[in-house]
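Following: one structure in structure tokens, then a few remarks.
The values are calculated or read from the model by the stated rules, or taken from the named source; none is laboratory data. Computed from a predicted structure; not experimentally measured. As a convention, Cβ positions derive from the backbone with ideal geometry for all residues, glycine included, and neighbour counts pool all protein chains shown. Each accessible area value is taken on the protein alone, full model and side chains, heavy atoms only, with ligands, DNA and RNA left out. Shrake-Rupley method; radii C 1.70, N 1.55, O 1.52, S 1.80 Å.
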Amino acid sequence: MSPATLGKDLVGLEHMSAEQITAILDTAEPFKEVSERPIKKVPALRGKTIVNLFFEASTRTRISFEFAEKRLSADTVNVQAAGSSVSKGETLVDTARNLEAMRIDMVVIRHGSSGAAQFLGQRIRSNVINAGDGKHEHPTQALLDLLTLRDRFGRIAGLKVCIMGDVLHSRVARSNIWGLTKLGAQVAVCGPPTLLPSHVADLGVTVFRRIEDAIQWADAFNVLRLQLERMTAGFIPSLREYNRVFGVTNERLSKAPKDIVILHPGPMNRGVEIDSDVADGPHSVILPQVTNGVAVRMAVLYLLAGGAPDWATAGGDA
Ligand code: CP
């Protein structure tokens, strides 16, 4: 097996090598161009059937996967918990096995439980791609973040990236920490102690307690959404207080020694973790992240289906 081969499933970045992650980013490069064509389609996955199983709300990830699948000419079906037999008590495995009985090839799953994607991947023959599982990982989000950083800086190694805010509840943070550190970036986290995991420094990251210190250090901020729906206790005094102490504002960023590139996985709480003039400002790459999401997901689908990492040079741009 080539070091860049992904194996059967994409569950997270924790157990992937730098070579595998780089192969996905490199494969995404030529797929970017497909989305700029008048006819946004290549035949790479013609004949493959992919099911998008979304048991939690999603705009970007679900639609991005669907575009990626359609642009690769796969046949796609979307299943959501509401309206499916999951709402009658059917288990995840029974749902997936029934779908497999209809001869599917891949499942993209978003689920509220950490470990759901791995659990499913171990029980069905189809390739499984994790589109976000509980507080565990969101690998394709981190991959699109890496691609966006690489576009902007020309490299990942040596970059100083600070993950801002609600790290405790964030699968995006975990996948970013794994991906960035494997590719040689320096990673920090910054937020109130209540929103940072107690042993986060064990992951090889620097911890900033004050945003002002992070601003002096960072090349890029990945600003996380405050996940109010996952907060069962009083993690912060109020949204206003959070914005006052940890909000990413132009006033704060104006004190940085260099322009800090701003990422946010979305959806944003404008005026809470990030102010609108930052989100919509000249150093924001929030919409380029979304654009790159389609190319990254095309690359993941293509590689898991057994495609060679050199898609374009292998004549794939037909
Ligand atoms: N970034 C992200 O996962 O967004 P969605 O929840 O809209 O998919």
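Below 8 Å between Cα atoms, with a sequence gap of 6+, how large is the relative contact order for the stretch 1-155 in percent?
Reported as a whole number, the value is 25 percent.
Looking at the stretch 22-84, which GluC sites (Glu not before Pro) are DSSP coil and have at most 15 other C-beta atoms within 10 Å of their C-beta?
Glu36
If you build the convex hull over the alpha carbons only and average its shadow over all orientations, what do you get for the stretch 104-256? Give it in nm² to one decimal. Walk me through the numbers before you get to the answer.
Details: hull surface 41.0 nm².
For the Cα atoms of the stretch 104-256, the hull's average projected area reads 10.3 nm².
When the helix-only estimate is applied to the chain (DSSP H runs of n ≥ 4, each -39,500 (n - 2.57), divided by the residue count), what is the mean residue ellipticity at 222 nm, nearest 500 deg cm²/dmol? Walk me through the numbers before you get to the answer.
Details: 11 runs with 113 residues, N = 318.
Mean residue ellipticity, 222 nm, calculated: -10500 deg cm²/dmol.
Please name whichever of His283, Gly158, His264 sits farthest to the positive end of the charge dipole of the stretch 139-289, dipole taken about the Cα centre and charges placed at Cβ: Lys and Arg +1, Asp and Glu -1.
Of the options given, the answer is Gly158.
What helices in the chain pass both tests, a Cα length along the helix axis of 18 Å or more and a mean Kyte hydropathy of -0.5 or higher, using whole DSSP H runs?
18-34, 139-153, 286-304
Could you sort 18-31, 264-277 so that the peptide with the highest average Cβ count within 10 Å comes first and the rest follow in order? Let's see the in-between values first.
Details: 18-31: 20.4, 264-277: 18.4.
For the peptides 18-31, 264-277, the packing ranking is 18-31, 264-277.
Can you give me the accessible area per residue for the chain, using a 1.4 Å probe, in Å²?
Computed with neighbouring chains in place, this is 43 Å² per residue.
In terms of the ratio Rg/(2.2 N^0.38 Å) built on C-alpha atoms, what value belongs to the chain?
Compared with the compact-globule rule of thumb, the chain sits at 0.99.
Let me have the relative contact order for the chain, percent, based on Cα pairs under 8 Å that are six or more residues apart.
21 percent
Out of the DSSP beta bridges found with both residues in the chain, what percent are antiparallel (nearest 5)?
Looking only at bridges with both residues in the chain, the antiparallel portion is about 5 percent.
Of the heavy-atom accessible surface of the chain (probe 1.4 angstrom), what whole percent is carbon and sulfur?
In the chain, the share of accessible area belonging to carbon and sulfur is 52 percent.
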